[in-house]
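The values are calculated or read from the model by the stated rules, or taken from the named source; none is laboratory data. Note that the structure is predicted; figures quoted are calculated from it, not measured. Glycine also receives a Cβ, built like all others from the backbone with ideal geometry; neighbour counts cover every protein chain displayed. Side chains included, ligands, DNA and RNA excluded: accessible areas come from the protein's heavy atoms. Shrake-Rupley method; radii C 1.70, N 1.55, O 1.52, S 1.80 Å.
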Amino acid sequence: MIIRHARPGDEAGIAIVHVHSWQTTYAGLLDMAYLQQLSVPQRQQAWQEQLKRMNEQYQLLVLENEAGVITGFISGGSSRELSVSNINGQREGEIYALYLVSSAQGQGWGGQLLSRMLQWLQQQQYDHVIVWALRDNPAVRFYQHYGAVPYKEQTIKIGRKLYRETALRWRDIQKQSYIAKEW
């Protein structure tokens, strides 16, 4: 397996991982009817547009197996909450998404992707980093294992239902060393 920068042409692989990981990871957490209607072609179009807008402020890494198949990805950049992206001269970054197909989970690849993203956010001079996860998502414990602490919560709408979402935060990332730990 290798971790590399995403490039045009990766959108189909990213979309497959995105949809399939939602359907497996969020089964039992989200409404099943919503999960079943998720569309790879629709996500592929969205990722194609995202790849066109890539710049120095945004990072998208993919995990690719020996056969060249994308099995995971992570994206991040400046916090989407404009009110907190630059407070008192402190810049806040955000991990937008981290998804792996089920066969790639539990092998340390999520930690490798996360470590690479946190290192990149350090290089971009962010002071803090947040990531949002559904409150009951096992990923909350994963992020805590890597040093994030619960920061705040909000209610979000996915499909037709409301869910609680937790923001986890890494503080003072400039003072940290991010090397993947065993999970």
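Counting only protein heavy atoms and using a 1.4 Å probe, the accessible area of Lys52 comes to about 140 Å². Need one word for the stretch 3-71: rounded, prolate or oblate. Basis is the Cα gyration tensor (sqrt eigenvalues a ≥ b ≥ c); a/c below 1.5 gives rounded, then a/b vs b/c decides. Prolate is the answer for the stretch 3-71, as a/c is 1.5 or above and a/b outweighs b/c. Spacing of the modelled spin labels on Ser39 and Gln23, each 7 Å from Cα toward Cβ, amounts to 1.5 nm. Close amide H contacts of Leu134 (hydrogens built in the peptide plane, cut-off under 5 Å, sequence separation of 5 or more or a different chain): Thr166. Over the stretch 52-158, Cα pairs under 8 Å with separation of 6+ residues give a relative contact order of 22 percent. Mean separation of Cα pairs under 8 Å and 6 or more residues apart, divided by the residue count, gives the chain a relative contact order of 20 percent. Taking Gln57, Gln112, Gln44 in turn, the Gaussian network model of the chain (Cα-Cα springs below 10 Å) assigns the largest fluctuation to Gln57. Given their separation in residues at 0.36 nm each and the Cα-Cα distance between them, Gln174 and Val69 gain 34.4 nm when the chain is fully extended.
Taking a ≥ b ≥ c as the square roots of the eigenvalues of the Cα gyration tensor, an a/c ratio below 1.5 marks the chain as rounded. Taking the centroid of alpha carbons for each part, the stretch 140-159 and the stretch 12-66 are 19 Å apart. Label separation (Met1 vs Ser103): 1.2 nm, computed from points 7 Å beyond Cα along the C-beta direction.
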